[in-house]
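Comments concern the structure below.
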Amino acid sequence: MIPRETLPRLFLALFILVSVVHLAVQAVGAEAWSRPTQALLMPLLAAFAWTAAPRPRGRLVRLAAVALFFSWLGDTAPALASQDTAFLVMVGFFAVAQAVYITAFAPWWGRSPLRSNRTLLVPYAVVVAGLVALCAPGAGPLLVPVLVYGLLLGAMAVLAVGVHRWAAVGGALFLLSDGLIALRAFSPGFDLPLSGFWVMLAYTAAQALIVLGALARDRAPAGEAPA
């Protein structure tokens with residue numbers, strides 16, 4: 001039997017290994033291995049978060065695990081849908097994941113530097129508005145879901161700043177990853193070489209940093225409660 005204290009390191013090592021394999025798959029275009037490796041990513045990261053968190057597990061870590069579950073559904077469920085609905089299925093599950101992250105991060109907004117200096121919100125607003133403006137002409141009937149998801153994603157990234165610096169970087173990378181997906185889907189002139197590689201690099205790093213930030217905040221002294 002594997003000792004309990006070694007489980008977090010084991011799951012983190014497996015997550016890193018599968019991430020590297022998946023990124024290599026993206027780089028060389030080995031599509032047959034893309035979905036199987038992607039399907040393993042969020043369960044391994046969730047297992048790391050769950051085993052690394054001190055007991056009793058705090059609200060932040062528990063909600064992060066729920067968000068990872070819906071992210072996993074966003075990664076895997078589109079493969080079971082028809083081509084016309086697969087994108088909506090993906091957006092729907094990731095929208096729920098963002099809503100869960102928002103719920104998890106909201107109590108920490110009082111500690112965010114963005115609250116005391118609202119000018120720091122401008123880059124987030126510019127990025128979200130710019131993505132919507134670039135994607136709107138090609139989104140067609142998907143414009144409303146894309147707009148709603150963009151607002152949820154932007155809110156998550158903003159609220160992550162109050163949790164921990166790692167979570168803040170993770171939120172920004174999540175915004176980058178999904179922004180690249182939106183541009184690839186709805187902006188005909190957008191052509192980024194190895195776009196799948198860059199999307200997944202940003203996505204895996206984003207989720208890992210959010211989890212590390214949640215764990216760091218969960219382990220913080222009791223006095224560092226939400227403001």
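Here are some notes:
- Cα lying deepest toward the dipole's positive end in the chain, options 48, 16, 95, charges on Cβ: 48
- For the chain, the solvent-accessible area works out to 50 Å² per residue, with a probe of 1.4 Å and every protein chain left in place.
- Working from Cα pairs under 8 Å separated by at least six residues, relative contact order for the chain is 22 percent.
- GNM flexibility winner over the chain from 16, 102, 210 (Cα, springs under 10 Å): 16
- Computed FRET value (nearest 0.05) for residue 143 with residue 120, which takes r as the C-beta separation and R₀ as 45 Å: 0.95
- Most fluctuating residue given options 29, 154, 92, as computed from a GNM of the chain linking Cα atoms under 10 Å: 29
- Cα centroid separation, the range 137-215 to the range 69-119 (Å): 9 Å
- Size of charge dipole - the range 6-219 - debye, nearest 20, with Cβ of Lys, Arg +1 and Asp, Glu -1, no other charges: 1000 debye
- The range 1-102: C-alpha gyration tensor shape, a/c 1.5 cut-off, then a/b vs b/c: oblate
- For the chain, carbon and sulfur atoms together expose 72% of the accessible surface, with a 1.4 angstrom probe and every protein chain in place.
- An ellipsoid equivalent to the range 135-184, defined through the eigenvalues of its Cα gyration tensor, has semi-axes of 24, 11, 5 Å when rounded to whole angstrom and sorted largest first.
The values are calculated or read from the model by the stated rules, or taken from the named source; none is laboratory data. From a predicted model like this one, the values you see are computed outputs, not experimental measurements. Cβ: placed from backbone, ideal geometry, glycine included. Neighbour counts: every protein chain shown. SASA here: full protein model, heavy atoms, side chains in, ligands and nucleic acids out. Shrake-Rupley method; radii C 1.70, N 1.55, O 1.52, S 1.80 Å.
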